[in-house]
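The structure appears right after this line, and notes come after that.
The values are calculated or read from the model by the stated rules, or taken from the named source; none is laboratory data. Quick caveat: nothing in here was measured; it's all calculated off a predicted structure. Note: ideal-geometry Cβ built from the backbone for every residue, glycine included; neighbour counts use all protein chains shown. Only protein heavy atoms, including side chains, enter the accessible area calculation; ligands, DNA and RNA are left aside. Shrake-Rupley method; radii C 1.70, N 1.55, O 1.52, S 1.80 Å.
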Amino acid sequence: MTTFHIHGGIPLQGEVRIQGSKNAALPILAATLLTGDTSDIRNCPQIADVQHMVSLLQSLGCRVRRSGDGYLVDSARAGACNMSGDAITGMRSSLCLLGAMLGRFGEVAMEHPGGCVIGKRPIDLHLKALEKMGVSFSEEGGKLVGKAGRLRGADIRLSIASVGATENILLAAVQAEGYTTITGAAKEPEVEALCRYLTACGAHIEGVGSSILGIRGGEPLHGTKFSVPADRIVAGTYLFACVGCGGSVLLENAPCGQLEAVIQTAERMGARCQIDRREGCGCDDGCSPDRGYESGLYVQAPERPQALSRLRTAVYPGFPTDLQSMALAVLTRADGKSCIEETIFENRFRVVDALQSMGADIQRYTQNIVLVRGVPALRGARVEARELRGGAALVLAGLMAEGESEITGCVYIERGYENIGKDLRDLGARIVSV
Ligand code: UD1
């Protein structure tokens, strides 16, 4: 299992290119199953979760070949089968194969998907919505089994704007008979990316990017070429690394339009952020309209981060829960007292103990609120990553701390970051993995 050794206290300087989005790539790869054709999915991050998804597609009979920075997925010969094993239980996003398999085969059998230990993560909304579309679920031999004679469109209201449930409903609805409406849909950019992929395959989806989606099911789908957008959470991680460590960096390719709340938060911490605009339109075809395009984000860190009287996570376009631990790490050395409220996942503060062992002054006020009194410096320590984003926050804390840190359990971090060690070394950090 990889361990990071970090010599902290060095300001970051330089440029880093942001990888493709994990949370967009996974449902899009699952969606290739629906087409029965070949899709060319570009800009897929090279991470364990993507490799797991590829293995699952292969186990269903898809032919998957690495091609450039992505995958060619041919789902023509895919067939329904039982899905089990580590690839399912270890990865929350294997759950989107539920909608994709029901859409393609009208049946599914899978072990209960796992994922990070950041909360209860129930799947009741997924199941209730799919039941409304004609699926009957049962448990057989510890497996979740779903059967739909024929999927039918339905009027679905989500009581929580769940990203995964919205994606599963979309995947089933494009193949259902009739019209589906999702009211209270998640508006996260990854849902929008899935809608754009499905639309490029021939699906008819209205209201893309809004909280009400309308899907006319049964349109014939075909394969397509699609590029996965850049990862807003990875971009935000490196942004906060810079704010915490000092220095100035260029986050090449950062999806600035999706980072408004994050940029605003970094600015409230005292950072100066500027969107890098280039001429042309940013496509590969050589056309060059006048407006220019956003090609990255410059970040100039403050001498010392400023405290935030209140930071609250929220669904998109609010401050993302996936970046809360990184903001917490930065605020441990801010000038003043901060208050952070987590509203999405109840166990996101599991990282607090490790930060405290590095000298952070954090008080648990309630289950979902912490108070942080900034200290001038953290001190290096040996700490363990126990989940993906909390683990990345510990890497940031190690970079900010005085002296040496050792982060174990990095297998969790590698689930979401293609090469966080190299990216940070490119920014001048002293971090090696052994
Ligand atoms: C996705 C992201 C994750 C991100 C989260 C919120 C992927 C692979 N993961 O996770 O990185 O942190 O969105 O932006 O894309 N809920 C229920 N019942 C359900 C489903 C969800 O109560 O059936 C609750 C959850 O417990 C949670 C909230 O809804 O409190 C939001 O969860 P959801 O949006 O579904 O997150 P994921 O899709 O699992």
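Which FRET efficiency, nearest 0.05, do LYS128 and GLU303 yield, Cβ-Cβ r, R0 45 Å?
Given R0 = 45 Å and the Cβ-Cβ separation, E is 0.30.
Per DSSP helix of 4 or more residues, -39500 (n - 2.57); summed, then divided by the residues of the chain. What does that give at 222 nm, rounded to the nearest 500?
Calculated at 222 nm, the ellipticity per residue is -8500 deg cm²/dmol.
Measuring with a 1.4 Å probe in the full set of protein chains, what accessible area per residue, in whole Å², belongs to the chain?
Dividing the accessible area of the chain by its residue count gives 40 Å².
Gain in length, GLU219 to ARG65, computed as 0.36 nm per residue apart minus the alpha-carbon separation, to one decimal in nm?
52.8 nm
Considering only protein heavy atoms, what is the solvent-accessible area of GLU177 at a probe of 1.4 Å, reported in Å² to the nearest 10?
About 110 Å², rounded to the nearest 10.
If R₀ is 41 angstrom, what is the calculated FRET efficiency for the pair ARG157 and GLN13, using the beta carbon separation as r and rounding to 0.05?
Efficiency, from the Cβ-Cβ distance: 0.25.
Which is the longest stretch in the chain that no exposed loop site breaks, taking sites as trypsin sites (Lys or Arg not before Pro) with a DSSP loop state and at most 16 other Cβ atoms within 10 Å?
151-290
Residue by residue, what Karplus-based ³J(HN,Hα) values in Hz, rounded to whole numbers, does segment 360-372 have, using 6.51, -1.76 and 1.60 with θ = phi - 60° and x for Gly and Pro?
Calculated HN-Hα couplings, in order: 6, 9, 10, 10, 7, 7, 9, 3, 10, 10, 10, 10, 10 Hz.
What's the center-to-center distance, using Cα atoms, between segment 310-337 and segment 213-284 in Å?
If we compute the Cα centre of each part, the gap is 17 Å.
Have a look at PRO45, VAL145, SER210 and report the one farthest towards the positive end of the charge dipole of the chain, computed about the Cα centre with Cβ charges (Lys/Arg +1, Asp/Glu -1).
Sorting the options by dipole projection puts first VAL145.
Take every Cα-Cα distance within the chain, group them into 10 Å bins from 0 onward, and report for each bin the whole-number percent of pairs it holds.
Spelled out bin by bin, the chain gives 5, 22, 31, 25, 15, 4, 0 percent.
Tally up the carbon and sulfur contribution to the accessible surface of the chain as a whole percent, 1.4 Å probe, everything protein left in place.
Summing carbon and sulfur atoms, their accessible area is 45 percent of the total for the chain.
Please work out the Cα center distance from segment 154-198 to segment 1-69, rounded to the nearest Å.
Result: 22 Å between the Cα centres.
Determine the dipole magnitude for the chain: charges of +1 sit on the beta-carbon of Lys and Arg, -1 on that of Asp and Glu, nothing else is charged, the reference point is the Cα centre, and the result goes in debye to the nearest 20.
540
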